[in-house]
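J.: Provided herewith is a single structure, encoded as structure tokens, for subsequent inquiry.
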Amino acid sequence: KEKNSSQEEFLQAATEILESIAPVFEKHPEFQENAILERLVEPERIIMFRVPWVDDNGKIQVNRGFRVQFNSAVGPYKGGLRFHDSVNLSIMKFLAFEQILKNSLTEMSIGGAKGGSDFNPKGRSDGEVMRFCQSFMDELYRHIGPNTDIPAGDMGVGGREVGFLFGQYKKLVDGHVAVLTGAGLEFGGSLVRKEATGYGLIYILDEALKMRNETIKGKNIVVSGSGNVAIYAAEKAETYGAKVLAMCDSSGYIYDNNGINVDIVKEIKEVKRGRIKDYLKYPNTESAQYVEGGIIWNVKCDIALPCATQNELSEESAKILAKNNTKYVAEGANMPSTNEAVDVFLKNNMLYLPGKAANAGGVATSALEMAQRSSRIQWTFEEVDAKLKTIMVNIYHNIDNAAKKYGFEGNYVVGANIAGFLKVANAMLAQGVV
Ligand code: NDP
């Protein structure tokens, strides 16, 4: 704690994980004898660098770039790049730390990393975004590679940014190397990667509900965010017969008792790069309302899907969900609920699927993208989607079994952390003190 005293988000993520894996250490004294925990919380490498670029007015801008290569015991570093003005070292470390266990849960051979910059692509022209991405890659390229570190997208990094980043990487190394996932379909990308995190979230939720003789059909859902994860979670939930009542961005939320039309949200966010309040300008949205600055969790629902950002769901909001009889919370975002909010979910016996398990579909499909690229074969949409579903169903049973085995039945915070940790710890043990 002292070493990382100003890194609030990292300490929050680490505290949650370390507390919940304590029971493992009673059964495995060898982990303590080999300082697995002390080594696990220390990143293998952190790269921080200057990213200078020229804006459309000819003015020089300077941002800060990061890559946290946290743990490579299980496989090469893997994790997204985030471009958002809130990005700092603490946020990078928390995301990379969570990624270690998430990647382990996918059962693919991938280690944990995260990177990004405090650059915000919102409101920037395509030319500015391209020049920024090129400058970012001018430094990052020497630290990544298909056997060392394979970044992907995250907040603020979608198909456009991955394209620019890849173009510069290819130029610098003079090779068409599979070094970034989330690539365009024309240059090595995989079908379903765009949809994977949101779809995967619904697949794991569906499995958890099935085990309780429940279904998604007929449920009212609130999805926070309106980005990549939120859109495809909402889309899949609607195909399962649920009604999505509300979605948001950082300015406010839209609400419609008749259900949100996800195609309009897609058009606003993916094509126009607009704001969620623009929803009301579209035809047949008369029954919708926009609440500027409102807290989306005040909307009564059966299922809450936080898909925006870290710490967006506070203890207070969790209490409102509990009061409104929300029974299920599944996280599409990384650490969207504060630790206090999670305590409220567990105390109220709500089904709670933490992000590290519930949003693992994105990185799992990235690993499927890597497999397709190295074998030079492209699977169909249906093939990738079926594999994604199998992975999410397996993750559910894996975390459920781990929770039961350690005496915490139904507690998926403990289940996900223990199931993810064991593989990493055993790999570290096998590889000696490195
Ligand atoms: P996007 O950038 O596509 O979308 C993020 C959305 O969240 C935007 O609608 C944004 O609105 C909104 N948002 C951001 N901050 C806030 C806030 N404080 N309050 C309300 N809304 C907010 O990102 P993604 O959808 O890719 O990522 C969302 C989350 O999912 C992140 O936590 C990410 O780490 C996680 N994740 C993403 C994966 C992926 O495959 N993309 C994989 C696994 C996890 P605005 O436009 O106003 O900023």
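Every read-out reported here was derived from the displayed coordinates using simple, explicitly stated rules and does not represent laboratory data. Every value quoted in this text rests on a predicted model; they were computed, and no experiment measured them. Here the Cβ is made from the backbone with ideal geometry for all residues, glycine too, and neighbour counts use every protein chain on show.
J.: Region 18-153: percent of C-alpha pairs farther apart than 24 Å?
T.: The calculated P(r) of region 18-153 puts 37 percent of pairs beyond 24 Å.
J.: I'd like to compare 119-128, 246-255: which one has the highest average count of other Cβ atoms within 10 Å, and what's the full order after that?
T.: Packing order, densest peptide first, comes out as 246-255, 119-128.
J.: Working out 0.36 nm times the residue gap between Asn348 and Glu30, then minus their Cα-Cα distance, what length gain in nm do you get to one decimal?
T.: 110.9 nm
J.: Would you mind telling me the antiparallel percentage of the DSSP bridges in the chain, rounded to 5?
T.: Taking every DSSP beta bridge within the chain, about 55 percent pair in antiparallel fashion.
J.: Sticking with this one: Compute the Rg to Rh ratio over region 198-244 from the alpha carbon atoms, using the Kirkwood formula for Rh, and round to two decimal places.
T.: My calculation puts Rg/Rh at 0.96.
J.: Can you tell me which of 272-283, 366-377 comes out highest on packing, and rank the rest after it, using the mean Cβ neighbours within 10 Å?
T.: Output ranking for 272-283, 366-377: 366-377, 272-283.
J.: What order do you get for 71-81, 167-177, 223-233 when each peptide is scored by the mean count of other beta carbon atoms within 10 Å, highest first?
T.: 223-233, 71-81, 167-177
J.: Can you give the relative contact order of region 128-187 as a percent, counting alpha carbon pairs under 8 Å and 6+ residues apart?
T.: Relative contact order comes out at 42 percent.
J.: Distance from a point 7 Å along Cα→Cβ of Asn311 to each backbone N in region 235-259: keep the residues under 20 Å and list them by number.
T.: Under 20 Å, as judged by backbone N against the label point of Asn311, lie 249-252 of region 235-259.
J.: Take every Cα-Cα distance within the chain, group them into 10 Å bins from 0 onward, and report for each bin the whole-number percent of pairs it holds.
T.: 5, 22, 33, 27, 11, 2, 0
J.: Out of residues 5 or more away from Gly79 or on other chains, whose amide H comes under 5 Å of its own, with H placed 1.01 Å from N in the peptide plane?
T.: Amide H neighbours of Gly79, under 5 Å, 5+ apart: Ala113, Ile150, Ala152.
J.: Now for a different question. Show that you can apply the helix-only estimate: for the chain, add -39,500 (n - 2.57) for every DSSP H stretch of four or more residues, divide by all residues, and state [θ] at 222 nm to the nearest 500.
T.: Value at 222 nm, helices only: -13500 deg cm²/dmol.
J.: Modelling each spin label as a point 7 Å along the Cα-to-Cβ direction, I'd like the Thr380/Arg64 distance in nm, to one decimal.
T.: My value for the distance between the label points is 4.9 nm.
J.: Would you tally the net charge around Asp302, using a Cβ to Cβ cut-off of less than 10 Å, leaving Asp302 out, and scoring K and R as +1, D and E as -1?
T.: Once positives and negatives cancel, what remains is +3.
J.: If you average the alpha carbon positions of region 7-33 and of region 396-412, how far apart do those two centres end up, in angstrom?
T.: If you average the Cα positions of each part, the centres end up 17 Å apart.
J.: Would you calculate the separation in nanometres between label points at Glu38 and Ala22, each defined as 7 Å from the Cα along the Cα-to-beta-carbon direction?
T.: In this crude spin-label approximation the distance works out to 2.1 nm.
J.: Let me ask something additional. Can you sort Cys307, Cys301 from fewest to most other Cβ atoms within 10 Å of each residue's own Cβ?
T.: Result, fewest neighbours first: Cys301, Cys307.
J.: Would you compute the Debye intensity of region 133-244 from its alpha-carbon atoms alone, equal scatterers and no solvent, and pass along log10 I(q)/I(0) at q = 0.15 Å⁻¹ to two decimals?
T.: -0.71
J.: What is the spread of the Cα atoms of region 243-309 along each of their three principal axes, largest first, in whole Å?
T.: Principal-axis extents of region 243-309 (Cα, largest first): 29, 26, 19 Å.
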